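Accompanying notes for the structure given below.
The values are calculated or read from the model by the stated rules, or taken from the named source; none is laboratory data. Note that the structure is predicted; figures quoted are calculated from it, not measured. Backbone-built Cβ (ideal geometry, glycine too); neighbour counts: all protein chains shown.
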């Protein structure tokens, strides 16, 4: 019994030390270099965070608090990108969360058929930066997105959510799916070949003549870092349904801007959920599980898992006002000064946190609170964006169809 008390005292002292120096320890663990003992320190620190989370949850239950963890900020706004790799999206303060992400998010893309590859390829924003100038508005009365572009008074509209009726109207092959190449991976979609893309749009955006509109209904599975019991499917999202960024992190980035003549904008990171009032910049990096508590009904909450930080490519260097790539790569160079924080990818920069919702068909609204249930200091152990073998991907689609 005496040994038990001694062990309890030692463990309590260790927990107190880990908690007292948590800021210093997280900085050590976020160092991009590997060193002896780092992984052991990470395991011990994260176990302590689990114990703390259980302790605080019990305290909140005893005092009948609306929280179960700690305050992690508030929802400032959301951005929906109906078309992948195009436009600055639609900023909203109230929106529905679906299984695949925000309602209507990345259901369409502009692609072209590559004869050599025998598949469709997406027009990438960092290769066709003028697509940043494509404007989109939400028509709430008719529940559709309206697209327009500079230089012309033309426009076209697309339904907020794709259904079979819309697909059959605009696709000569019905629901038949085609293979689409995006960066190093493959996904599937439906070519809406009867939907004519205006020539003026293709010219204004610098798109190939054979550019066509594609949509997605079935999407692809999202499994890495997601609870095994929860089946999550995304559509044209890169992998995860949501990207979270905080205003505090963005403000810190602006203060460190290497070129004061260039205005760094949040939209360049293409986040979905923008939060504010976080305890300090980049604190969202450590949110592992959190609940969104309704601002109007504290008894309404929905749980999210945030598996990984977002490793950034060159896309944030797109200038959304000029429709061009920033020649000096200001965003990437600024991030490189202080946001190389992943030991498996020591030369890559990070900004934002990926998340999946463990619930769906609910509304997120400006002012909703983040109740952080668990913090963890993690890194990329498995890459969801690794180069894929096309034959293996297409084989998995066939097997999926056979099991349905």
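Taken as a whole, the structure leaves residue 7 outside the set of residues that are over 24 Å from residue 340 (Cα atoms), in contact with a strand residue (DSSP E or B) (Cβ under 6 Å, 6 or more places away or on another chain) and either in a helix (DSSP H, G or I) or modelled with pLDDT under 90 (or both). For segment 271-310, a residue qualifies if it is closer than 15 Å to residue 253 by Cβ, under 12 Å from the mean Cα position of the chain (by Cα) and part of a loop (DSSP other than H, G, I, E, B), and exactly one does: 271. Listed by position, the strands (runs of 3 or more DSSP E) contained in segment 315-404 that have at least 2 residues being surrounded by 18 or more Cβ atoms within 10 Å (Cβ to Cβ) and at negative phi are 349-357, 369-375. Considering segment 48-69, the residues that are touching a strand residue (DSSP E or B) at 6+ places or on another chain (Cβ under 6 Å) and part of a helix (DSSP H, G or I) include one that is nearest to residue 290 (Cα to Cα), namely 53. Is segment 142-162 home to any residue that is more than 23 Å from the chain's Cα centre (by Cα), modelled with pLDDT of 95 or more, part of a helix (DSSP H, G or I) and surrounded by 14 or more Cβ atoms within 10 Å (Cβ to Cβ)? So far as segment 142-162 goes, no, none of its residues is more than 23 Å from the chain's Cα centre (by Cα), modelled with pLDDT of 95 or more, part of a helix (DSSP H, G or I) and surrounded by 14 or more Cβ atoms within 10 Å (Cβ to Cβ). Against the list (1) in contact with a helix residue (DSSP H, G or I) (Cβ under 7 Å, 6 or more places away or on another chain); (2) in a helix (DSSP H, G or I); (3) more than 22 Å from residue 355 (Cβ to Cβ), the condition residue 45 fails is (3).
Please tell me if residue 303 is at pLDDT 95 or above and not assigned by TED's automatic domain parsing to the domain that holds residue 27.
For residue 303, the condition - at pLDDT 95 or above and not assigned by TED's automatic domain parsing to the domain that holds residue 27 - is met.
Going residue by residue through segment 233-244, is there one that turns out to be more than 21 Å from the chain's Cα centre (by Cα) and farther than 30 Å from residue 399 by Cβ? There is no residue in segment 233-244 that is more than 21 Å from the chain's Cα centre (by Cα) and farther than 30 Å from residue 399 by Cβ.
The residue list 63, 96 contains one member that is on the phi < 0 side of the Ramachandran plot and modelled with pLDDT under 95, which is 63.
Give the number of residues within segment 84-117 that are in a strand (DSSP E or B) and closer than 18 Å to residue 205 by Cα. Steps first, please.
Taking segment 84-117 as the starting set, the residues that turn out to be in a strand (DSSP E or B) are 90-92, 94-98, 101-102, 108-114.
Filter again for closer than 18 Å to residue 205 by Cα, leaving 108-113.
Residues that pass the stated criteria total 6.
Does residue 206 satisfy the criteria of being surrounded by fewer than 14 Cβ atoms within 10 Å (Cβ to Cβ), outside the structural domain of residue 238 (by TED's automatic domain parsing), in contact with a helix residue (DSSP H, G or I) (Cβ under 8 Å, 6 or more places away or on another chain) and touching a residue at least 40 places away in the same chain (Cβ under 8 Å)? Considered against the rule, which asks whether it is surrounded by fewer than 14 Cβ atoms within 10 Å (Cβ to Cβ), outside the structural domain of residue 238 (by TED's automatic domain parsing), in contact with a helix residue (DSSP H, G or I) (Cβ under 8 Å, 6 or more places away or on another chain) and touching a residue at least 40 places away in the same chain (Cβ under 8 Å), residue 206 comes out as yes. For segment 167-194, the set of residues classified as under 21 Å from residue 87 (Cβ atoms) and either more than 27 Å from the chain's Cα centre (by Cα) or outside the structural domain of residue 391 (by TED's automatic domain parsing) (or both) consists of 170 only.
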